Amino acid sequence: MKILVAVKQVAALDEDFEIRGDGRDVEAEFLLRDLNEWDDFSLEEAMRIKEASSAIPVEVVVVSIGPEEADETLRKCLAKGADRAIRVWDDAIENSDPIAIARVIAAVARREAPELLFAGTQSSDHAFAATGIATAALLDWPHAAVLTQLTYTPGARTARFRRELEGGLLHEMETDLPAVLTIQLGINTPRYASLRAIKQAAAKPIDVLSLADLSVPASAVGEAGSLSRVRRMYVPEKGRAQMIEGSVEEQARRVVEIIREAAGGAA
Amino acid sequence: MADSDAVTRVLFEDFAPSAVRLFYAIGYAAIAVFLYGVYAQVRKYRRGAPAGIPLNLWPRLESMLEILLSHRMINRRDRKAGEAHRLIFYGFVLLFLGTAIITLDYDIVGPLFGVHFWHGEFYLWFSLVLDVAGVMLAGGLLYMMYRRGWLKPPKLDYARPDRAPTDPDYDRSNYRREDWAFLWTLLAIAATGYVLEALRLVWLQGRPAVWDTRWWSPVGAALAEAYRSAGLSAATAGVLRRELWWFHGMLALLFIALIPFTKVKHIFTAMGSLMFRDPQAAQRLPREPADLPRAGVQFITDFNWKQLLSLDACTKCGRCHEACPARAVGAPLSPRDVILSLREFANKTLGAAQLPAQAELDVHGKAPGQVAMETLWACRTCMACVEVCPVAIEHVPIIVQMRRKLVEDGEMDPQLRKTLQTIHKTGNSFGESRRKRAAWTKALSFPVKDARKEPVDVLWFVGDYASFDPRNQKVTAGFATLLHDAGVDFGILYDGESNAGNDVRRVGEEGLYEVLAEGNINTLSGATFNSIVTTDPHSYNTIRNEYPDFGGQYEIEHYTTLLLKLMQQGCVSVSRQLDLRVTFHDPCHLGRFNQGYEAPREILKRLGCELVEMGRCRSNSFCCGAGGGRIWIPDPVGAEKPAQNRMREAARIEGLQVFVVSCPKDLTMFEDALKTSGLEGKFVVRELIELVREALIQ
Amino acid sequence: MSGVLIIAEHRRGELRPGTLELVTAAQGARRGTDKVAVALIAESPETLIAAASVAGVDEIVTVKVPAREFDPDIIEAAAKALIEARQPSLALLPHSIDAFGYAAALAAKTGCGFASDVFRFEYLDDRLVATRGGYGQKVNIEVDFPGKAVVLLAVRGGAYKPPEGTASPAVSSFKAPAVKSRVRSIEFIEPPAGDDVDMTTAEFILSIGRGIGEEANVQKFRELADKLGATLGCSRPIADAGWLPKSRQVGQSGKTASACKLYIAMGISGAIQHLAGMKHVSTIIAINSDAAASIFSIARYGVVADIFEMADALEEQYQ
């Protein structure tokens, strides 16, 4: 039994970041990279299935689409107990949207043939909430998103899960396998990867594949393979919030005034 | 005086040869039991890991003997018990030497060379000294009984904060029984010795060589006079003496035989523990060899032999229990109980003839002898226990090594886990961007040198709290101004600095510590400077004591000594006396860890402050509760925090105006605690730097 | 190839409010004689017609499918067939939890242009440009769709207000291809009550987020909320950590604080779901120590301050 976990090395913006010269992204030096928080939960969910299964061995394979620096993220996953890691990169993949990335992940999934493919519900940087579900479409696998609970016993032909809807309502569903499931925060408590484990994981190999290895044409990725294209990135006008300045006491006084006004109106 | 040869004690006088042979047989049996016991204990220690320390026995022996003979460790914080122990110790040693001298005369040089020296004047002095020794021993023992039976100090009640009364290993009655048995046995041996001596005098009252010299054994002689006046005849005394002789002899042999199996073994284990102690045990934690199969300590066999030996040295004196800040606020930790649990565990597993399967050697958990994670995480690594232990037990490394295993398994508070991840990601515990580390310098009216780009005399390692915490930033800017105005050529590392790692290491995240230490050393090696200064005692400790293990040798001082020098040199001159009634809180990492007690006090004096010490000061300073990573772990809701406990202590000082700290974390902890303990308004918490700045204002 | 097609969302027999917001969104995308059509893909689509007949809707297309509740396979197949048949220039759906489960699949299968979490879109030189957030809402990203005749947009909830007034749109029906369903709905489970607070009716909410640091601090803000007469709410991480019951969570995945008129967010930096869920509130006061927190982008008033100091100061000032 195999679970493929798609993970992303996301970026957060550093202080005083600057937009790139071409206006389509932030200067790379201001990008602080890390494992996507949602993917941490989906890897943990895979590890739980693996560790709870005694009769049937479960292999957890992580895959990430990204340049060499994404190895750091994969190593973190290996440190947490993933059996293998695959990284796919090719310069042609640059400027891919989530659907183009999904084409590459789908190719990896065809090659690995897992029973389950996990992805985070979304990524913390661009929040498309699209990659996992698009991968399912390209594979023509059943799929479900925003899982907050999963019950699956290796060997079973279906998996039961709950997704969390607006207002906290839960929807219990069941899916045939193989399937793509996207995992929501809070489904579990991701384990800690100690630095010792991360250092030891440095010895584990990461399979690096090219598009050719996966027989994905360059036209299927990058701008050509994408369904959207970034035209411009800019820092929005600092909201519409009217900032209250002054000492803490002065600020508090003003807030209390606003509360009284608004509460009066509300009541 | 009678003939010198006759002035002695005839051994086995009036004993049938078969009786003497029987005594020797029993004596050899006792020694055999003793030796087997020693073997079993040594086998237990050898089942531990190698200690990897240089043996250099002579200097170790010397320093051990110095502590042993001076009793300076055991005298601390419990003077009377220490003095009573001194009496018992010296009494016991003299009596032991006396027995050894008799054996030397009677069993060795006598039979081998026909030489006897145990008679005449030597014998008389010998008698006198041993009589006095007996009084010392008995006196010490009686005080100890009085202390246990009547004074009943709480540290001896063996109440366990880490167990509930319903737990199988909560009950400590066996320890209590053993304590009393130990005292009574020794006292009985001493008392029967005197009675024997007296009976012998009465029995041999007709023999001038005995009777005329009786006052050389004053206690025995006095008793003998009493027996005689009570009408005891020589013949009856002879019979009684023979019966009692056997009782006394058997008791003594039993005592010897049982040494390795009872608390008596501390005679040896304490000496061993003192000999192999590490004077830097808590200041410089052990490195984790790269080839270890697992992180830290999981199994009892992961402790090294020296640690296992030191577990057996514990005499349950309770000094650590009393000093522990976690215990003081009701946390489920007593350093004593950690040691006793592990000792019980070692005895059960490593003490067995066959080493049990590995699964039974796991020291983590809640079963008898195991240590619960709640206990390990309660520790502040403040070193109060290590510092006060009279037998050199090193609790903090033991706890941290066990934590390393917990960290590896992720068995920690979620907030701590998050903080460690944050530190790994951003290099600081605040989760702030590296670029913001020197943001506090923007408020200054002068530029601060980037020590990576230009040489400086003094490199200031700022540390996380001083860099990022808004309240501390004001102090940090104040210190920068002080240095600048004093003409000190200083610089900082800007975004090249990372968390120094002191607390990360004490949490047990050794891998992350290595990353931080190596990163900082790498940055420092690219800078040119003469010495380092820091306002943060935590950074100070690890850079001073632990970075050398990673190749970083620096001259570093805490700001208090630098500031004092600047004041002495007149570079910083006080323009007015503050006239404040203050108390000073010794930060663990400055005081206990690195003996930086005097400089802050000297500065306070120069500021015209009246320093009133708290009861717990200097080496007995009470931790603010932030150490060992506890600043990143939420304290239980509702329970008292160590810092609040400290605020209440300070509040007892009549007319206190300022509670002075010299550590960024202390400032945060105590300002919070002052508010939450309802003492706000009674006094204020200030950094020493702030007082100095105030005293500069004309 | 023209017109706007809105794929309606419904649950337990009722039209979801996000659908109506799309009607407003669609008005700005009308070009020339473009029509706005709403597709009702349901087991009994006719029961939803009345609710969907709001001002701005020109046509309603009913698509009868054998699925009472959300079924990703069935809705995806029906929507794909509909898009391919009608070739609208723009297809809209709400960026909702259901859409998370099929929008990207629909896009990947039809190959149309696609962007999700869009909060603004317009035609510039006849080319559709959609705006969404990036890097935790710290930047805005404009995307376009070169060469795509049909574009599918999942629109952020709360970005548009639902229209007022009703209409009598033409109703047509469409026959969807039969597909095998591989994901089955079993049941809905109401969230556990936790405590008896009803966030949906609270008018004044004081909400706390990650900024409070540790569980022990919850009490402080509970007391502050009591003092101010506010209901204490929280963002997702606080509820996930179990520091407050799920019933206190507000934001898109939490309770819909529909009655809320005054909202104070303390230590909430503003994950997009949270922002989307609270956008309707007329007065939002955001208090955060990070001046760059995205919550300030939706708040009416912003205060950059230490939330603990501010809590103390508020307690003191509010007498």
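The values are calculated or read from the model by the stated rules, or taken from the named source; none is laboratory data. Please read these numbers as outputs of a predicted model, since none were measured by experiment. FYI the Cβ positions are ideal-geometry reconstructions off the backbone, even for glycines, and counts take in every protein chain you see. Surface areas here come from the heavy atoms of the whole protein model, side chains and all, with no ligands, DNA or RNA. Shrake-Rupley method; radii C 1.70, N 1.55, O 1.52, S 1.80 Å.
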Legend entry - Top-ranked residue of segment C:7-44 - restricted to ones that are over 15 Å from the mean Cα position of the chain (by Cα) and within 21 Å of C:PRO177 (Cβ to Cβ), ranked as most open to solvent (accessible area, probe 1.4 Å): C:GLU43
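Can you find, within segment B:432-448, the residue that is nearest to the other protein chains (Cβ to nearest Cβ) among those that are surrounded by fewer than 17 Cβ atoms within 10 Å (Cβ to Cβ) and within 18 Å of B:SER498 (Cα to Cα)? Even if it seems obvious, please write down each step before you answer.
To start, the set of residues in segment B:432-448 that are surrounded by fewer than 17 Cβ atoms within 10 Å (Cβ to Cβ) comprises B:435, B:439, B:442-447.
Add one more test, that the residue is within 18 Å of B:SER498 (Cα to Cα), and what stays is B:435, B:439.
Working: B:ARG435: 5, B:ALA439: 9 Å.
Among them, the one singled out is B:ARG435.
Quick one: is B:GLY591 in contact with a strand residue (DSSP E or B) (Cβ under 6 Å, 6 or more places away or on another chain) and either surrounded by fewer than 16 Cβ atoms within 10 Å (Cβ to Cβ) or assigned to a loop (DSSP other than H, G, I, E, B) (or both)? Reasoning before the result, please.
Working: in contact with a strand residue (DSSP E or B) (Cβ under 6 Å, 6 or more places away or on another chain): no; either surrounded by fewer than 16 Cβ atoms within 10 Å (Cβ to Cβ) or assigned to a loop (DSSP other than H, G, I, E, B) (or both): yes.
No; evaluated as a whole, the condition is false for this residue.
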Legend entry - Subset of segment C:112-147 [at the interface with another protein chain (Cβ under 8 Å from one of its Cβ atoms) and aromatic (Phe, Trp, Tyr)]: C:PHE114, C:TYR135, C:PHE145
Inset, instruction - Pick out the one residue from C:ILE49, C:ILE60 that is more than 14 Å from chain A (Cβ to nearest Cβ) and not in a strand (DSSP E or B). - result: C:ILE49
Legend entry - Considering residues of segment A:10-52 that are away from every other protein chain (no Cβ under 13 Å) and among the hydrophobic types (A, V, I, L, M, F, W, C) only, the residue farthest from C:PRO237 (Cα to Cα): A:ALA52
Legend entry - Positions within segment B:575-599 being aromatic (Phe, Trp, Tyr) and closer than 14 Å to B:VAL386 by Cα, in sequence order: B:PHE593
Inset, instruction - Considering only segment C:133-191, state which residues are in contact with a Gly (Cβ under 8 Å, 6 or more places away or on another chain) and part of a loop (DSSP other than H, G, I, E, B). - result: C:GLN137, C:PHE145, C:LYS148, C:VAL150, C:GLY157, C:GLY158, C:PRO163, C:ALA167, C:PRO191
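When the residues of segment A:6-46 are filtered to those that are more than 16 Å from the chain's Cα centre (by Cα) and assigned to a helix (DSSP H, G or I), which remaining residue is surrounded by the most Cβ atoms within 10 Å (Cβ to Cβ)? Before you say what the answer is, go through the steps one by one.
Taking segment A:6-46 and keeping what is more than 16 Å from the chain's Cα centre (by Cα), we get A:13-31.
So of that shortlist, the ones also assigned to a helix (DSSP H, G or I) come out as A:28-30.
Values: A:ALA28: 10, A:GLU29: 9, A:PHE30: 19.
Among those that are more than 16 Å from the chain's Cα centre (by Cα) and assigned to a helix (DSSP H, G or I), it is A:PHE30.
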Inset, instruction - Could you tell me which numbered condition A:THR158 fails, if it satisfies all but one of (1) of a type in the set (Ser, Thr, Tyr); (2) over 30 Å from B:GLU509 (Cα atoms); (3) without any contact (Cβ under 8 Å) to a residue 24 or more places away in the chain; (4) touching a helix residue (DSSP H, G or I) at 6+ places or on another chain (Cβ under 9 Å)? - result: (4)
Legend entry - C:ALA107, sole failed condition from (1) open to solvent by 10 Å² or more (accessible area, probe 1.4 Å); (2) closer than 19 Å to A:HIS143 by Cβ: (1)
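For segment B:465-490, enumerate the residues that are part of a loop (DSSP other than H, G, I, E, B) and either of a type in the set (Ser, Thr, Tyr) or at pLDDT below 95 (or both). Step through it out loud before you land on a result.
So the first thing to find is which residues in segment B:465-490 are part of a loop (DSSP other than H, G, I, E, B), and the list is B:469, B:486-489.
If the condition is that a residue be part of a loop (DSSP other than H, G, I, E, B) and either of a type in the set (Ser, Thr, Tyr) or at pLDDT below 95 (or both), then B:ASP469 is the only one that fits.
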Inset, instruction - Please find, within segment B:626-661, the residue that is surrounded by the fewest Cβ atoms within 10 Å (Cβ to Cβ) out of those that are over 28 Å from the mean Cα position of the chain (by Cα) and under 23 Å from B:GLU690 (Cα atoms). - result: B:GLU654
Legend entry - segment C:221-261: number of residues that are facing chain A (nearest Cβ under 10 Å), in a strand (DSSP E or B) and surrounded by fewer than 24 Cβ atoms within 10 Å (Cβ to Cβ): 0
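So for segment A:253-260 (the condition being farther than 30 Å from A:TRP141 by Cβ, within 14 Å of chain B (Cβ to nearest Cβ) and open to solvent by 20 Å² or more (accessible area, probe 1.4 Å)), does at least one residue qualify? Give the steps one after another, and end with the answer.
Taking segment A:253-260 first, the residues farther than 30 Å from A:TRP141 by Cβ are A:253-260.
Cutting the leftovers down to within 14 Å of chain B (Cβ to nearest Cβ) gives us none.
Looking through segment A:253-260, none of the residues is farther than 30 Å from A:TRP141 by Cβ, within 14 Å of chain B (Cβ to nearest Cβ) and open to solvent by 20 Å² or more (accessible area, probe 1.4 Å).
Which of the residues that make up segment A:72-103 are in a strand (DSSP E or B) and under 20 Å from A:ILE49 (Cβ atoms)? Let's see the steps before the verdict.
Going through segment A:72-103, the residues in a strand (DSSP E or B) turn out to be A:84-88.
Result: A:ARG84, A:ALA85, A:ILE86.
Can you confirm whether C:LEU48 is open to solvent by less than 10 Å² (accessible area, probe 1.4 Å), touching a residue at least 12 places away in the same chain (Cβ under 8 Å) and farther than 15 Å from C:LEU153 by Cα?
Working: open to solvent by less than 10 Å² (accessible area, probe 1.4 Å): yes; touching a residue at least 12 places away in the same chain (Cβ under 8 Å): yes; farther than 15 Å from C:LEU153 by Cα: yes.
In short, yes.
Filter segment B:1-58 down to residues that are in a helix (DSSP H, G or I) and among the charged types (D, E, K, R), then give me how many there are. It would help to see each step written out before you state the result.
Within segment B:1-58, the first condition is being in a helix (DSSP H, G or I), and the residues that meet it are B:4-6, B:17-46, B:57-58.
The next check asks that each one be among the charged types (D, E, K, R); those that pass are B:5, B:21, B:43-44, B:46.
Residues flagged as in a helix (DSSP H, G or I) and among the charged types (D, E, K, R) within segment B:1-58 amount to 5.
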Legend entry - Residue satisfying condition, being more than 9 Å from every other protein chain (Cβ to nearest Cβ), open to solvent by less than 20 Å² (accessible area, probe 1.4 Å) and touching a helix residue (DSSP H, G or I) at 6+ places or on another chain (Cβ under 9 Å), within set A:GLY225, A:GLY246: A:GLY225
Legend entry - Hits in segment A:104-132 (condition: part of a helix (DSSP H, G or I), more than 14 Å from chain C (Cβ to nearest Cβ) and surrounded by 22 or more Cβ atoms within 10 Å (Cβ to Cβ)): A:VAL108
Inset, instruction - Determine whether C:GLU214 is open to solvent by 10 Å² or more (accessible area, probe 1.4 Å) and in contact with a Leu (Cβ under 7 Å, 6 or more places away or on another chain). - result: no
Inset, instruction - Working only within segment B:409-431, note down all residues that are open to solvent by 60 Å² or more (accessible area, probe 1.4 Å), over 23 Å from B:ARG471 (Cα atoms) and not in a helix (DSSP H, G or I). - result: B:ASP409, B:GLU411
Legend entry - Residues within segment A:157-181 that are among the hydroxyl-bearing types (Ser, Thr, Tyr) and either facing chain C (nearest Cβ under 7 Å) or within 13 Å of C:LYS246 (Cβ to Cβ) (or both), tallied: 1
Inset, instruction - Just one of (1) open to solvent by 10 Å² or more (accessible area, probe 1.4 Å); (2) more than 14 Å from chain A (Cβ to nearest Cβ) trips up B:GLU514, so point out which. - result: (2)
Inset, instruction - Only residues that are within 8 Å of another protein chain (Cβ to nearest Cβ) and under 14 Å from A:TRP38 (Cα atoms): list them for segment A:133-153, please. - result: A:ALA145, A:VAL146
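So in segment B:20-46, with the set limited to residues that are of a type in the set (Ser, Thr, Tyr) and surrounded by 13 or more Cβ atoms within 10 Å (Cβ to Cβ), which one is nearest to B:GLY249 (Cα to Cα)? If you could, list the steps in order and put the result at the bottom.
Here is the first cut: in segment B:20-46, the ones of a type in the set (Ser, Thr, Tyr) are B:24, B:28, B:36, B:39, B:45.
Okay, now just the ones that are also surrounded by 13 or more Cβ atoms within 10 Å (Cβ to Cβ), so B:36, B:45.
Working: B:TYR36: 21, B:TYR45: 32 Å.
It comes out as B:TYR36.
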Inset, instruction - Identify the single condition in (1) within 26 Å of B:ASN502 (Cα to Cα); (2) open to solvent by less than 10 Å² (accessible area, probe 1.4 Å); (3) in a helix (DSSP H, G or I) that B:LYS306 does not satisfy, given that it satisfies every other one. - result: (2)
